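To start, the structure under review is shown below, and the notes come after it.
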Amino acid sequence: MALLEVEDMVLSFSGLEVIRKLGFSVETGTIASLIGPNGAGKTSVFNCLTGFYRPDSGQITFNKRSIRRLKPHKITQAGMARTFQNLRLFKSMTVLENVMSGMHCRTSVGAMGAVFHTQSQRREEELIRLVSEECLSFVGLLDKKDRHAGNLPYGDQRRVEWARALATKPKLLLLDEPAAGLNHDEKQELIELILHIRNELGITILLIEHDMGLVMKVSEKITVIDYGKKIAEGSAEEVQNNPKVIEAYLGSEDEAL
Amino acid sequence: MNTSSNTSMVANIANWLQHQHNRLVVLLVMAALAMFFPLIANNYMLEVLTNAWFYTILCLGLNIVVGYAGLLDLGYAAFFAVGAYTTGILTSQFGVNFWLTIPAAVFCSMVAGIIIGGPTLRLRSDYLAIVTLGFGEIVRIIARNLEITGGASGLIGIDRPYFFGIELSQGIHFYYVFLILAIIACFVSYRLQNSRLGRAWQYVREDEDAAEAMGINRVGVKLYAYVIGAMFGGVAGAFFAVKMTAISPETFTFSQSVLILLGVVLGGMGKIPGVIIGAFALVLFPEVFRDLGSMRMLVFAIVMLVIMLYRPEGIWPRGKS
Amino acid sequence: MTNSNIILELQNVETYYGKIHALRNISCTVNKGEIVTLLGANGAGKSTTLRTISALNRATAGKITFMGEDITSKQPHEIVNMGLIHVPEGRRIFKGMTIEENLELGSFTLRDDVERKRRMDHVFEIFPVLHERRSRDSAMLSGGEQQMLAMGRAMMTKPELLLLDEPSMGLAPFLVKEIMRIIVRLNKEGVTILLVEQNARVALQLASHGYVLETGKIVIKGDAETLRQDESIVKAYLGE
Amino acid sequence: MSTTDIILQQLANGLIMGSFYAMVALGYTMVYGIIKLLNFAHGDLYMVGGFVGFLILSAISSLLGESWTAIVCSMVLSMLAVGMLGVIIQRVAYRPMLTAPRLSILITALAVSMILSNGVMTITDGEYMAFNTDLGFDGLDFGNVFISYTQLALVISASVLMVILYLFVNKTLYGKAMRAIAIDQDACKLMGINVNKIIALTFFIGSSLAAAAGVMAGVYYGSLHFSMGFVIGLKAFTAAVIGGIGSIPGAMLGGLLLGLLEAFGTQIPFIGSEWKDVFSFGLLILLLILKPTGILGKTEIERM
Amino acid sequence: MQTKKMTALVGGALAGLLMLSQANAADLKIGIMVPTTGSEATAGKDMENSIKLAVNEINKAGGVLGMNVVTITGDDGCDPQMATSAASKLVSSDVVGVVGGYCSGATLPTLKIYGDAGTPFVVAAANSTKLIDANPGTSFQINSTGFDQVNTAVNLFQSKGIKKLAIVHQGDGYSEDLAKLTKEKWTAMGLEVVAYEVVNKGEQDQSSLVTKIKSKAPDAVFWTAYYSDGALLIKQLRQAGFRKLIAVGDGSNSPKLLEIAGKAAEGVFCFSNPTADYLPAAKAYTASYKSNYNQAPDAYGPLAYDGMKLMADAITRAGSTDKAAIVKALKETKAFNGITGAVSFTDQNTLAKSNFVVLVAKGGKWALNK
């Protein structure tokens, strides 16, 4: 069953089409990847899915519900969480506070509760803390929960972003270039973490990644786009041997002089 | 030698203050000082300190908007005006009991907050600053031009309220009234700061997009900040009206808004003790340095610039890291 | 200085992008009159290398020499004045200004109007399509024309060394050919070129030698022929 | 006065006032276009310009008398001085803040504005200064429509300055560099343009235009006060927004439109002049909400 | 670090407060409440100077009830909030009486503070009619009230055969009050007010307003507010070719108006409380002011001077420093002979007989009309 289904999505900026009639789907419980050369429109696809851009036309169905017109926070509430290509942490806040932001859309107490410390408020705060700490221990950062997020090493900051996304209790996790800037060992840990999240927590994952090694290792299905269009789709092996993909990445022989 | 012993002493004190228990002691001593101060003070000192508590409330209110949610509001005096006029009009023209006008003042200032915040909070921050400035001026001009607000001369003869049969008219009465209000304002600020909502404000302030991606409704959360900030202004305004017994549009000018903002920036945006210090500095500085006379705003402005350039977090130090 | 033929030399250059360690110990040389290419997958650090050379990013360690002079701590505009021009990724032409204005800005440091006119004529000779549309808003140009404008704008400074960042990106195959032909022509006119390309096959046909980057490090270097035969390049792009 | 006369006279009034707004709005727009900073202090530079012009005029009137030559001289000198002041403000207060959060730089700009106005207040003791040039009341009289020579001179000099600016921005290399920086700073660096220098130049030109308007105001109205920059600063900002902030022709157009709007606004029946500012501000707020890009502004690319 | 700063701050503040509340028991303390900072500081300082001049003279003549008179100034900044603080300061400094009051808006909320403390307050300049209703009985206005000015104005307009009047004010309490009263009186007489307009404070260009006024063809324009914007209005009216009568209220009575408006002001009428130049009895005052302060007194100096002299007179008559007795003595004042004329009070503690004069601008100077 498809958790996410994109049909005929078109996005344009001042007349220039960035995404052209793109269609793909992500099955529940799988790890899928979206790859393509620079400027192919991958991050734009993410921004459309999460509501930051509004596509000109097409359908986006998530969990059997159309989300094309929803605001970003509503989409998160519906169960889709994302990370950002360049880290977007709340730098001056602690690691725990960062992760607690994820629980915002799963809780509801307002100003009155906060001022009077009602019973439900205390219960909720406890719950937020508990879930956040769980997420932190899942990514292995519980011992650093009181540090300021901005002071952590880069690899740890990535993990905070992950924990934060997990705290929204997503059904689908979108990862935008999770391996960027990581060294070899960190990448190995990342692969384990991705598999772990899917296997332990049952969260479906869609990722954009430049590191082909990583993509090939974890993904069950890879969608390749170029110029905002889908050019290939399939397993790692299929994609790797697809001449169109090689052409998109390396250029074709007959283009040469 | 002197400096080193000084620093070690300061470090000791700072260390000592790290303990929850000791902080409580300091807090209690300060509270006792504030409580019993009127016993040794004359009218003038009372008046000045009442004013300081009054600005504390306003600064704490604006702090929610500027400090917590990171929105520049240059028209905060408008909310304060709405509260003051609501109480003023209801008591002096409709004979409503003062205490009953407080909910009305809160309601009206909240409505004002929604009216201005609702459509404009989507705007980029510098536009928002100008819109709030314009809104502040509009409120003042409306107050100046309407019959019901007493026109340019404003409302006079607002009755003093009774509290269990005692007419609140002496300086000492208002000292305690504003002290209690300031304490409530601190308490509410503190509770909000450390709540789900308070954290949401900080998320939005730090990174709107990331906050939105975490499922936070950025416009809704900002509006919340606006409305609560407006409420603080409304309550302060209501009590201001009965303390002064007369209000006029000239009290609610742009420079009043700037002054309140100054208090917030001076002490440290987003930090309750900082904001209190800022409010006190605002009131006490010109009283103590009377000789500066008309230069006081100049001095304030220079201090503000220096703070923004060299210590944007304000006088009050950042919390432990 | 040992070899007067070297026009650009990077020695052990390190660059950080915020917290990301983007370049690690990069050393490479470009000789006068050559076309040299930097290859590698997305995010490998090719663009960052160019940005570090032109001082848009700061090297935290190492040394960059251009024509015998240390430029590691120079300002971008000073480096341009020395004859090193960087045509950035995504062209970055001044949309909203006409083609002529774009070209004039290319010769910003030139005070001689006659010379400016001469250079502009030369650019128009290389790119006749720009001449036709010279008083049009550059935002109306197609991708290929924009790339030509970006290159033409760079030529207005009469560069010694041209850094080209993915000139073929997003272009149709026939346009890629056109651009490549122009690169060869510029090179024949005496401009040394450091070319960053994703289109590795094309780049290796033009270049005399190249470097392959992976996660901020140079993993392979050699002359074009060797690299063309090297299977590991495919791996660098598409993974093992 | 017949209705036609009133319309014509208000048209003239609106255009005269509008040219003032336009000149001040230009500085706002140029600075905003180039570094996206809302320079609150801009209105105060107008005020400082007026005072500097007054000082220079008093100093040189013994040599040149209170003639048009003297006025032009003091205007030019005031433009130079205030232009330099603008550059200094940019260097000291704004440049270190360019990477800081928006809130901080806005507060900084507010502080600079307060320093300027309160500084002048302290120096002048808060007094009104009579800028007395006594240029007389002669003028062109078209029946009931009257335009004094002073007004005429103002409109002409404002137009001349704006034409010079237009030519500078569109025809010279420095002007083009200014526009280019607004489009893409990094690309400018790669063209060998010293970006900091051009930003300073922008501040210089914007500030000196404000100063020119300030001197003109002094000559025209005959009085100077430390607070005179506040209202015009707000109005000029409104004008810049109407025209599309960041756009130079937009600022000129916006200035003229606002001038006309205000002139005819006073004439609306049943609504007294006391509501005038409510309309100006209301219009500004509505505009910001409904069409923040103004008439000639470019639509900004969506966030992220 | 912060603790030390805090201690210093709090310590400094307390020390400052204590310092300010010090006083000498043998002296007779009189409070001066005027704006010494802010937009109206010039007028305020002039009043302060005049009061101190009077005090010097009184002390030289042996003081009041044998006591040396000392003054304490409270700066009201022409701002209601600052004014209440200033009034509290004066009250807590145990002054036996207060002289001053320039801005009506700022003076208004202080009346109650003085009333609560029973402190007599001689209001020397502020004259909005709102002050009358707010008076708790301890304040005494020695400047003619707005009503008196309106009468003077209407008389002048009638004598000049004016039928259609345009009134312009500035949107503050004082000028709006005067404008409103004039309008009421004028329409009550069956005459027409063709334009009733507001100029926003600090706005320089009034050309569109001028055009509107011109289009209504009034016989006279009455500006009820202050000199600064008044000068601009006059200049622009004249520039636009309005040649008919222009009159301004007492807030515009300043040489600065003539300086700013230049030739345009020629022939403009001004209603004024008596200023030093036109008061035969004020010659000595003017001379002494000039020698002491090196400048000529401003419009409200004589009233402030008289206010102080009246206060001293009342204390002498009361025979004690008891505040209630002083209030009583003030109330019973009969034709106190000041330099501005004879002072007696109505039931409402306002000046019994108007002392308004009409001035006209001639050759760049104000001169008494007729």
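Where a number appears in this text, it was derived from the coordinates with a stated rule and is not lab data. In this text the structure is predicted, and so the values were computed from the model without any measurement. Here the Cβ is made from the backbone with ideal geometry for all residues, glycine too, and neighbour counts use every protein chain on show.
Points worth noting:
- Simple spin-label estimate for A:Asn63 and B:Ala34 in nanometres, 7 Å along Cα-Cβ: 4.5 nm
- From phi via Karplus (6.51, -1.76, 1.60), per-residue ³J(HN,Hα) for the stretch E:214-226 in Hz, x at Gly/Pro: 4, 5, 8, 6, x, 7, 8, 10, 10, 9, 9, 10, 7
- In this calculation the C-beta distance from E:Thr187 to E:Arg317 is compared with R0 = 51 Å, giving a FRET efficiency of 0.70.
- C-alpha long axis of helix E:227-239 to longest principal axis of chain E, angle in °: 10 degrees
- Near E:Gly74, the amide H atoms lying under 5 Å from its own belong to E:Ile32, E:Met33, E:Val34; only residues 5 or more places off or on other chains count, and H is placed 1.01 Å from N.
- Phi to ³J(HN,Hα) by Karplus 6.51 cos²θ - 1.76 cosθ + 1.60 over the stretch C:93-108, Hz, x for Gly, Pro: 6, 8, 5, x, 10, 6, 4, 4, 4, 4, 5, 4, 5, x, 9, 4
- 5 angstrom amide H check on E:Tyr196, placed H, neighbours 5+ away: E:Ile167
- Packing, taken as the mean count of other beta carbons within 10 Å per residue, orders the peptides E:129-135, C:58-64, D:185-191 from highest to lowest as D:185-191, E:129-135, C:58-64.
- Evaluated over the stretch D:3-290, the count of Lys pairs having alpha-carbon atoms less than 25 Å apart is 11 (only pairs 8 or more residues apart or interchain).
- Amide H to amide H, with H built 1.01 Å from N, E:Leu28 comes under 5 Å of E:Asn68, E:Val69, E:Val70, counting only residues 5 or more places away or on other chains.
- Computed helical MRE - 222 nm, chain D, DSSP H runs ≥ 4 contributing -39500 (n - 2.57), nearest 500: -24500 deg cm²/dmol
- The chymotrypsin sites (Phe, Trp or Tyr not before Pro) of the stretch B:250-313 that DSSP puts in a loop, and whose beta carbon has at most 16 other beta carbons within 10 Å, are B:Phe289.
- Residue of B:Tyr127, B:Tyr44, B:Tyr85 that the Gaussian network model of chain B assigns the largest fluctuation, springs spanning Cα pairs under 10 Å: B:Tyr44
- Over chain C: helical MRE at 222 nm, DSSP H runs n ≥ 4 each giving -39500 (n - 2.57), nearest 500: -10500 deg cm²/dmol
- Label-point separation, C:Val219 to B:Asn97 (7 Å along Cα→Cβ), nm: 8.1 nm
- Candidates A:Ile194, A:Ile203, A:Ile246, ranked by Gaussian network fluctuation over chain A, Cα under 10 Å, top entry: A:Ile246
- Residue mean of other protein chain beta carbons inside 10 Å, E:73-83: 3
- Kyte-Doolittle mean at least -1.0 and Cα axial length at least 27 Å: DSSP H helices in chain B: B:20-40, B:43-63, B:98-120, B:125-145, B:171-193, B:218-244
- Anisotropy class of the stretch B:226-266 from Cα gyration tensor, a/c 1.5 cut: oblate
- Scanning chain D for long hydrophobic helices, with DSSP H runs required to stretch 30 angstrom or more by C-alpha along their axis and to average at least 0.5 on the Kyte-Doolittle scale, returns D:3-35, D:42-64, D:68-89, D:102-124, D:149-171, D:195-221.
- Calculated mean residue ellipticity at 222 nm for chain A: -11500 deg cm²/dmol, from DSSP H runs with n ≥ 4 weighted as -39500 (n - 2.57), summed, divided by the residue count and rounded to 500.
- DSSP beta bridges in the protein assembly as shown [antiparallel fraction, %, rounded to 5]: 50 percent
- Shielding by partners, peptide B:128-140 (average Cβ within 10 angstrom, other chains): 6
- Chain E: angle of helix E:80-92 to the longest principal axis, Cα-based, in degrees nearest 10: 30 degrees
- When the C-alpha to C-alpha distance is required to be over 27 Å, the pairs from A:Lys144/A:Lys187; E:Lys185/E:Lys256; E:Lys29/E:Lys365; E:Lys45/E:Lys164 that qualify are E:Lys185/E:Lys256; E:Lys29/E:Lys365; E:Lys45/E:Lys164.
- Per residue of peptide D:271-284, the mean number of Cβ atoms on other chains within 10 Å of the residue Cβ is 6.
- Selected from A:Asp143, A:Asp211, A:Asp176 as most flexible by GNM, with chain A as the system and alpha-carbon contacts under 10 Å: A:Asp143
- Here the 3J(HN,Hα) profile of the stretch E:138-143, calculated from phi with Karplus coefficients 6.51, -1.76 and 1.60 at θ = phi - 60°, is 9, 9, 9, 9, 9, 8 Hz, Gly and Pro shown as x.
- 13 Å Cα cut-off, lysine pairs counted over chain C (separation 8 or more, or different chains): 4
- Modelled this way, with points 7 Å down the Cα-to-C-beta line, the labels at C:Phe174 and E:Ala342 are 11.1 nm from one another.
- With both residues required to sit in the stretch C:102-240, DSSP beta bridges show an antiparallel share near 55%.
- Antiparallel DSSP beta bridges within the stretch A:152-257, as percent of all bridges there, nearest 5: 50 percent
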